[in-house]
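Read through the structure below, which is laid out as structure tokens, and then see the notes.
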Amino acid sequence: MRKLTQINTFFLAIFCSGTLLLQGCTSTSKLNADSPSTAVATAPVYQPQLSSISVPVSVSIATIEQKLNQELNGILYKDDKLDDDNVAVIVSKKSRMSIRAEQDKIYFSIPLHIYAKGRWKWDPCKFCPAIDKTEDTSFDMVIKTESRIGLTEDYKINTITSGNFEWGETKPTLQLGPLKIGLARFVEPALRSQMSALSKQLDKELQNYLDMRKYVADAWQLIQQPVKIDDNLNAWLSIVPKEVRIAPLVAKNGVLSTRLGISSYITVSTDGKPQVQLNKNLPKLIVDSRMGEDIQIGLTATIPYAHASKMLHEQVANQTYKFDGDKSQVTVKDAAITPSGEQLVLMLDVDGKTKAGIFTKKIVGKVYLRGTPYYDAPSASIKVRDVDYDLDTKDKLLSTASWLAKNKFKDMIQSQVNIPVQSQITAAKSMLQTTLNQSGRVHESVLLRGTIKEITPDNIYLTPEGIKAIVTAKGNMTATVDKL
């Protein structure tokens, strides 16, 4: 009986010792890694691309014709003195002038009404009374002019006009007593001598009413005013123009057209209304026939770290990562993103364990990873590359859980970080298109329309507020001068 009691006592001791031993094989380490500094490196000042906004500008020849017909009325030439050559001539516009244009020339046809007065004076003898009689007549003719058009560096329409005239079916005559005087030989020299003056006057009128500088100067200042394009994002469109280029004028199918190019820096920011120092100095016009048709607009948008943290949390939280043939595993309980220098810090609140035989080692606490953000075009998202443990985290892991530092956990996390920005890009495109649709007139005579074709990311910067994404919008823009 005593022997049996000793055996039981022996097994009981072994059992108790084993139980104590097994309890001693499981240990938990608290990972107390320090949070990295959230200070961001000084981001370079964003330099948007110089955008050559090429704007086709057209004006209807019919519009020019209507304007000139309104302005050129009444008497165009008047010589009412008979003393010098016994002929007085008054020339006035009879009806509407007509205009057509081909290539770089504009052709005018101006119907005129001519009033002419002639004097017949005869002294039959020294002692006889003189005979002095005047008669008048009226007739019509058409002035034909040809104006070659160009542009000057001070935005003037430069026209060089030459012209001639045509008689009607019969040439004008005056019946003075017994004499029938043909007036053509009197009228023609007077008209021909005045054709140069008439051409210059026509040039002047064209230059006055086709004053490109007026439109460009107004547009130059108007486009420098920031335009709010979204209330929710507090987004503003800013344009900083640098130079103006224009293609040679050309006429086709009843339209006088050219291409206006304004080289500008164009940005969209979400940091409130930009402060603008207005530049009123219109640069010299550069005539350039090789301009493109596209516009480029640089957009900036900020993704708050809270939003990025939410995305990361949705991707990795409550997930368990296994490795070493399921001997080791880590469960992520929470996740967040903060900046540090030029990198993003991924904070992971983890609960992990590893087994070696009958031994189990646990770890709880926060793990900090660093990675460099970049834009991944195929997925239209911001990802991170070169992910590794923060130095302090790595030191703590090597002393408390080297098994976690040596496995592929950081690579698994790197492959999962994905902050989609496709919706923001689509929203930016829609926002810009809406703005162009609603912009309408930059001047009472100039109607603008535009299309955004695509938006592509350009660069990424880290700011204290969030991840600043830079994208470039590409499209085209048209302007029509429909009022003069």
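Nothing in this text is a laboratory measurement; each read-out follows from the coordinates by a stated rule. As the structure is a computational prediction, the values presented were derived from the model and not from experiment. We place every Cβ from the backbone using ideal geometry, glycine too, and count neighbours over all the protein chains shown.
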**Gained length - residue 164 relative to residue 306, 0.36 nm times residue gap less alpha-carbon distance** = 43.4 nm
**Message:** Could you derive backbone 3J(HN,Hα) for segment 333-340 from the dihedral phi with the Karplus parameters 6.51, -1.76 and 1.60 (θ = phi - 60°), listing whole Hz in sequence and x where the residue is Gly or Pro?
**Reply:** 8, 7, 8, 7, 10, 9, x, 7
**Fill in**
Answer in debye to the nearest 20: the dipole magnitude of segment 338-405 about its Cα centre, from +1 Lys/Arg and -1 Asp/Glu charges placed on Cβ, is 400 debye
**Item:** Distant-in-sequence amide H partners of residue 465 (H built 1.01 Å from N, under 5 Å)
**Value:** none
**Prompt:** What trypsin sites (Lys or Arg not before Pro) does segment 287-392 have in DSSP loop regions with at most 16 other beta carbons within 10 Å?
**Reply:** 290, 327
**Prompt:** Of 156/204; 355/383; 156/474; 156/280; 78/156, which pairs sit farther than 21 Å apart, going by alpha carbon to alpha carbon?
**Reply:** 355/383; 156/474; 78/156
